[in-house]
1. For a quick protection proxy, order the peptides 266-279, 286-299 by their average other-Cβ count within 10 Å, most packed first.
2. At most 10 other Cβ atoms within 10 Å and a DSSP loop assignment: could you name the trypsin sites (Lys or Arg not before Pro) in the stretch 102-167 that fit?
3. Of Lys134/Lys278; Lys106/Lys135; Lys164/Lys273; Lys104/Lys306, which sit over 27 Å apart, Cα to Cα?
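Readers should treat all values here as calculations from the given coordinates under stated rules, not as data from a laboratory. In this text the structure is predicted, and so the values were computed from the model without any measurement. Neighbour counts are summed over all protein chains in view; Cβ atoms, including those assigned to glycine, are modelled from backbone coordinates with ideal geometry.
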Amino acid sequence: MSMIVIEKADLERQLRLMKDFFLLGRGELFSEFLTQTQSLKLLIGKEINDGTTRDLNRALQLAANSINVGEDIEQFSFELPGKDEVEDSFCYETKSAVGHIMLKYKVKWPLHLLFSPRILDRYNEMFRFLLRIKKIQHDLLQIWSYQRERRIKHNSEVVQLRNKLMFLINNLQYYLQVDVLESQFAILMAAIANSAKQADFERIQRAHTIFQANVLSLCFLLASSNSGEPSSLSTTATMMAGVIQVQENPVLTILDSILSIVDRFCTFCLLCKDPMTKVERQEFVTYEQGFMNHVDSLLKLLIGLKAGPSSAPLSQLLLRLDFNHWFSSNTQNTS
């Protein structure tokens, strides 16, 4: 079975496609996809309707054609639940497509043994989380371009806050894509290569389950006392048994609050006057204070988690977010 999966089903290529699409490894594809969806406001601020799925798939196809990945895109498509099937999502705006979008993958035999519906559901949780980060990064770049074109003179505080937000989001995304996904994927591929030599399909399944468990944990998508650390053997075992579910944890809760602030701030930047009115300044202060308070809580939580075993990725994230202790010193000064 291991030889059939690796050679005939081309497991290595399929895993790379999973990484490119579900885990946003093809960053240029999703940057173009977000550009395509921006004018239609498909991913936020628009409730799901009968044509949303069609529009999203059209935008994905146009993005794929623009960067010449048309052949690979045939295995992937978007799907959205019907109005009656929409359930609350723990870290997304429930009325918009970004909270419920599902990336469908055409599983070829015998890869269904590796990519079960439950496994694909977990990939979709990671996909929605990473897409939200990518979209917010894209929105902040659009704000940067907008403010540059307007040559803002009076709202320097708005520009400074945008820079702080962009710094945090850029470093969070780098942590997710490089420190977590690239490193864990390299470990997965090495484990599969080793299992192939021994012709052991169960070891391939286990290596893939461990990969997914570690990514979910390091992306803060698992609720446990060790959130943000590579998964334990017990966590991996329960995932293989299909027991564990993706849930909320404290780090994700804070990140969601920060991302919500960034979402509202981006809308605010497009509407506020230069200089700001009194009402606009009051609104701006709520964004600034809210952001700094949440960053302070995030840093304290990460420092606590960093004290646990096997916390090298968290140490890297803390270093990226609070380089030279800039955020921590500023939050102490404002508190």
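1. Working: 266-279: 13.6, 286-299: 18.1.
Peptide ranking by packing, descending: 286-299, 266-279.
2. Passing sites in the stretch 102-167 are Lys106, Arg151, Lys153.
3. Pairs exceeding the cut-off: Lys134/Lys278; Lys104/Lys306.
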